[in-house]
Every structure is written in structure tokens, then in C-alpha cells.
Amino acid sequence: DAVKFIPKELIEVTYTLGGRRWQVLSQVILPYIVPNVLDAFRVNIAASWNLVIVAELIAANEGLGKRIQLAQRFFRTDEIFACLLVLGLIGLTLDLSMRLLMRRTCRWAFR
């Protein structure tokens, strides 16, 4: 989807200045789409993390979801909040690591 939104002028200028197909791909198209691909990957990691949590709550035999379920059964709200805090910290760590990866690999996109 990101390739559709590359300005055609960028590609045309590259060809006008003597660029070959490989140069257009490596110097125009890839640098333009990499930030979008990594951003989509970041969003999908967040969505998949939510699905992992839901799956653990429904059908796991062990893990944080199972601990939350058992704590709920025995009214251990302190343990529920501790597990939720751990889940939130893991999600935050995943998001921050993806942001760091994006900033390191796509410096031109964040200036």
C-alpha cells in the first residue's frame, strides 16, 4: 500500500537524471516505503499482543492470563493488578523497541 503513494515525480526525476530500474528501487522506492512497513509491523505487533492475552485468558493452562483467571476466582485483586502491570510493561517494551528500531533504521523519516 505504501508503494501506491510514492510521488510519481520522484521516480520520473530519477529516470530523467539517468537512473536505472535498480537505482529507482534501491534509492527511491525502498527508502520511501520502509518507514511505512515498520509502522504497520508495529501496529500488528500491538494487535497480536492483545490476541495473545485474550487467548491466554480463555484457554491457557499456565501464564499470566491463567494467573489472572485464578486470582479473579479467589478475589485476589492485588495479584490481578500485578499481572496487568506486567502485561502492560511487556507491551510498552515491545512498542518502545519498535520505535527505537524505526528511529535507527529510518533516520531520514524522522527529521
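Using only the C-alpha atoms of region 33-110, find the volume of their convex hull and express it per residue in Å³. Intermediate results must be reported in sequence, preceding the final value.
On the way: hull volume 6.2 nm³, N = 78.
It is 80 Å³ per residue.
How long is the gain from Arg21 to Leu51 if the chain were fully straight, where each residue apart is worth 0.36 nm and the alpha carbon distance is subtracted?
On the way: separation 30, 0.36 × 30 = 10.80 nm, distance 4.09 nm.
Contour length minus the Cα-Cα distance gives 6.7 nm.
Taking 0.36 nm per intervening residue step and subtracting the Cα-Cα distance, what contour gain separates Arg76 from Lys8 on full extension? Please list the in-between numbers first.
On the way: separation 68, 0.36 × 68 = 24.48 nm, distance 5.95 nm.
Full-extension gain reported as 18.5 nm.
Along Cα→Cβ, 7 Å out, is where each label goes; now give me the distance between the ones at Asp95 and Ala109 in nm to one decimal.
A separation of 1.8 nm, rounded to one decimal place.
Which value in nm describes the separation of the simple spin-label points at Ala59 and Asn44, placed 7 Å from the Cα toward the beta carbon?
Here the answer is 2.2 nm between the modelled labels.
Mean separation of Cα pairs under 8 Å and 6+ residues apart, divided by the residue count of the chain: what relative contact order is that in percent?
Numbers: 55 pairs, mean separation 27.2, N = 111.
That works out to 25 percent.
Please compute the net charge surrounding Ile29, taking Lys and Arg as +1 and Asp and Glu as -1 over other residues with Cβ under 14 Å from its Cβ. Write out the running numbers ahead of the final one.
Values: positive: Lys4, Lys8, Arg20, Arg21; negative: Asp1, Glu9, Glu12.
Overall, the nearby charge balance is +1.
What's the longest piece of the chain with no exposed chymotrypsin sites (Phe, Trp or Tyr not before Pro), counting a site as exposed if DSSP puts it in a loop and it has at most 13 other beta carbons within 10 Å?
On the way: sites that count: Phe74, Phe75.
Between the exposed loop sites, the longest stretch runs 1-73.
For a quick check, take a GNM of the chain with Cα springs below 10 Å and name the residue from Leu70, Leu87, Leu38 with the largest mean-square fluctuation.
Most flexible of the set in this elastic network: Leu70.
Where a number appears in this text, it was derived from the coordinates with a stated rule and is not lab data. Being a predicted model, the structure only gives us computed values, none of them experimental. For neighbour counting, all protein chains shown are included, and Cβ atoms are generated from backbone atoms with ideal geometry for every residue, glycine included.
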